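Right, one structure below, let's go through it.
The values are calculated or read from the model by the stated rules, or taken from the named source; none is laboratory data. Computed from a predicted structure; not experimentally measured. Because the Cβ atoms are built from the backbone with ideal geometry, glycine has one as well, and the counts that use them run over all protein chains shown. Heads up: the accessible areas ignore ligands, DNA and RNA and are worked out on the full protein's heavy atoms, side chains in. Shrake-Rupley method; radii C 1.70, N 1.55, O 1.52, S 1.80 Å.
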Amino acid sequence: MVFLFREYLKQLAEAITRWEKLFRAPSLALRYFKGDTLDHCELEKLREVTAIWREGLTDISWFMRCLNESIARQANAEDKCTGPFWEGLFKSQALLDEKTLAACMAYVDLNPIRANIAKTPEGSDYTYIQLRIRSAITAEQPKSLLPFVGDERLNMPKGLLF
């Protein structure tokens, strides 16, 4: 029982520490870190709050909202205007099969060409397509990329179906 309580307090401290890297922690959390004794109700409230923080810190939509807010405030101050920054450009969609994954990869890899940052896929820095083209030319598979595999069989090697 004592071990579980210590583990619980450790998780509480970790959530507060991570939260403080992004936001100002409330006074209750600061009192906890200073070593002040919290009563049962205060400890329960801190547990509830850190559970919400922990959920938020692992949610990409929540992260994008937080990122959007700080960027929008800065951009609006610079431009002397108000309103959302991304204008609904951030979306999240599940990639449920290999065909959709390949289409998404192609879309992302072609972004530098659409944005006129690069003329060709092999000239687009910081993209996986550039790595794949280089690996096709040199016949060396980069460790950071799964190989393309095909010809379905019983002992399929690990890779992206192609």
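Listed values, structure above:
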{"quantity": "Residue match in segment 141-156 (condition: in a helix (DSSP H, G or I), over 16 Å from E98 (Cβ atoms) and modelled with pLDDT of 80 or more)", "calculated": "no"}
{"quantity": "Given (1) open to solvent by 50 Å² or more (accessible area, probe 1.4 Å); (2) at pLDDT 85 or above, index of the condition E87 fails", "calculated": "(2)"}
{"quantity": "Scan of segment 6-28 for residues that are open to solvent by 100 Å² or more (accessible area, probe 1.4 Å) and over 27 Å from L67 (Cα atoms), ordered by number", "calculated": "R6, K10"}
{"quantity": "Total residues in segment 44-57, condition open to solvent by 80 Å² or more (accessible area, probe 1.4 Å) and farther than 18 Å from K10 by Cβ", "calculated": "3"}
{"quantity": "Tally, over segment 107-136, of residues that are open to solvent by 50 Å² or more (accessible area, probe 1.4 Å) and of a type in the set (G, A, S)", "calculated": "2"}
{"quantity": "Sole exception among (1) at pLDDT 80 or above; (2) part of a loop (DSSP other than H, G, I, E, B); (3) of a type in the set (A, V, I, L, M, F, W, C); (4) open to solvent by 60 Å² or more (accessible area, probe 1.4 Å) for A77, by number", "calculated": "(2)"}
{"quantity": "Matching residues, segment 29-43, being within 16 Å of K10 (Cα to Cα), open to solvent by less than 60 Å² (accessible area, probe 1.4 Å) and either touching a His at 6+ places or on another chain (Cβ under 6 Å) or assigned to a helix (DSSP H, G or I) (or both)", "calculated": "A29, Y32, L43"}
